[in-house]
Amino acid sequence: MSRILVFQHVAAEPLGTLDPLIRRRGHRIRFKNFERHPDTQPNVERYRGLIVLGGPMNVEDHTHREHLLTEMRAIERMLELGRPVLGICLGAQLLAHVLGAPVRRHPTPEVGWHRLQLTDEGKADPVLAPLGDEAPVFQWHHYSFQVPPGAVHLARTDGCEPQAFRHGDNVYGLQFHPEVDQPLIERWLGNAAYLRELVDQGHAADVDRIRAQTVTQVQAMQLQADAIFNRFLDLVGRPQRRHTLPSREWT
């Protein structure tokens with residue numbers, strides 16, 4: 001049975017819809033929760049794939065959040081090993097930074113539903129192609145990455161040009177949040193710290209508008225997200241069958 005390593009930064013930003021999808025395919029998940037255990041030192045060589053989730057911190061915070069340096073070293077090692085890596089939001093920014101691209105504060109935060117437009121390369125990409133030419137996606141970020149040198153630019157929005165990239169054949173960075181469902185979005189909209197941060201930046205979220213759009217948009221995004229996540233998991237490979245009783249899952 002193969003294992004996938006997941007870097008989680010805060011309890012409010014879990015794997016979301018990707019969690020049951022991974023488990024249904026027979027993979028074990030090993031979480032490294034840096035909010036609870038900031039000094040953990042993961043041995044990534046034991047894992048067939050790495051997923052790095054989002055969080056309220058930023059790449060530049062590594063000066064006082066040393067776990068970000070730990071994560072970047074782990075990402076670098078997975079790249080050296082040639083194993084699949086998926087970065088979402090902060091995870092994509094950490095990945096882009098490791099690959100030599102700048103990560104900076106975005107002029108205007110993207111929060112809520114935005115229309116994602118795939119580049120020609122994105123439309124032909126083996127993982128992102130199920131999104132079609134355009135797709136509604138959920139966003140929550142005020143920093144953004146540039147596409148790393150040698151990587152392929154896969155998607156954009158009107159407000160943020162670099163939304164997705166592929167490095168090599170099995171490494172993906174996504175600025176948007178395809179893993180969210182309606183309860184998780186509601187959790188973020190009810191997070192006073194998240195909303196206060198937006199107000200402090202002069203870009204308060206229209207919570208009622210986001211809720212209304214979620215009702216009409218989230219189901220379509222979830223179907224497309226399942227398709228792209230399944231294609232990424234194809235890169236990880238099929239779990240090896242075991243003839244013993246099922247083991248308990250890692251948590």
- Every residue from segment 164-200 that is over 25 Å from Pro102 (Cβ atoms) and polar (S, T, N, Q): Gln182, Asn191
- Subset of segment 1-22 that is among the charged types (D, E, K, R) and under 23 Å from Leu223 (Cα atoms) - its residue that is surrounded by the most Cβ atoms within 10 Å (Cβ to Cβ): Glu13
- Which members of segment 145-171 meet the condition of being surrounded by fewer than 21 Cβ atoms within 10 Å (Cβ to Cβ) and in contact with a helix residue (DSSP H, G or I) (Cβ under 6 Å, 6 or more places away or on another chain)? Val152, Asn170
- If we keep just the residues of segment 123-159 that are without any contact (Cβ under 8 Å) to a residue 24 or more places away in the chain and charged (D, E, K, R), which is nearest to His97 (Cα to Cα)? Lys123
- If you check Leu69, Leu50, Leu81, which single one turns out to be under 25 Å from Val180 (Cα atoms) and either of a type in the set (A, V, I, L, M) or out of contact with any His (no Cβ under 9 Å at 6 or more places or on another chain) (or both)? Leu50
- Task: Report, by residue number, each residue of segment 202-223 that is in contact with a helix residue (DSSP H, G or I) (Cβ under 6 Å, 6 or more places away or on another chain) and either among the acidic types (Asp, Glu) or modelled with pLDDT of 95 or more (or both).
- Result: Thr214, Val218
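Would you confirm whether any residue within segment 137-146 is assigned to a loop (DSSP other than H, G, I, E, B) and at pLDDT 95 or above?
yes
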- Task: Would you check which residues across segment 216-238 are exposed (fewer than 13 other Cβ atoms within 10 Å of the Cβ), part of a helix (DSSP H, G or I) and in contact (Cβ under 8 Å) with a residue 24 or more places away in the chain and list them?
- Result: Ala220
- Message: Going residue by residue through segment 172-192, is there one that turns out to be touching a Leu at 6+ places or on another chain (Cβ under 6 Å), charged (D, E, K, R), under 26 Å from Leu79 (Cα atoms) and modelled with pLDDT of 95 or more?
- Response: yes
- Message: Return the pair list, or none, for Cβ contacts closer than 6 Å from residues in segment 1-22 that are on the phi > 0 side of the Ramachandran plot to residues that are at pLDDT 95 or above and assigned to a loop (DSSP other than H, G, I, E, B), at least 6 apart or on different chains.
- Response: Gly16/Glu179; Gly16/Val180
- Residues of segment 60-92 being aliphatic (A, V, I, L, M) and in contact with a Phe, Trp or Tyr (Cβ under 7 Å, 6 or more places away or on another chain), which ones? Leu86, Ala92
- Message: Are there helices (runs of 4 or more DSSP H) fully within segment 25-124 with at least 3 residues that are within 21 Å of Leu235 (Cα to Cα) and of a type in the set (A, V, I, L, M, F, W, C)? List them.
- Response: 66-81, 90-98
- Identify, please: which residue in segment 23-50 is in contact with a strand residue (DSSP E or B) (Cβ under 6 Å, 6 or more places away or on another chain) and within 28 Å of Arg196 (Cβ to Cβ) and is, among those, surrounded by the fewest Cβ atoms within 10 Å (Cβ to Cβ)? Asn33
- Task: State all residues of segment 104-122 that are touching a Gly at 6+ places or on another chain (Cβ under 7 Å) and either within 16 Å of Phe138 (Cβ to Cβ) or without any contact (Cβ under 8 Å) to a residue 12 or more places away in the chain (or both); if no residue qualifies, say none.
- Result: Glu110, His114
- Message: Return the residues of segment 102-141 that are buried (at least 20 other Cβ atoms within 10 Å of the Cβ) and of a type in the set (Gly, Ala, Ser); say none if nothing qualifies.
- Response: Gly122, Ala135
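The values are calculated or read from the model by the stated rules, or taken from the named source; none is laboratory data. None of these values were measured; they are calculated from a predicted model. Backbone-built Cβ (ideal geometry, glycine too); neighbour counts: all protein chains shown.
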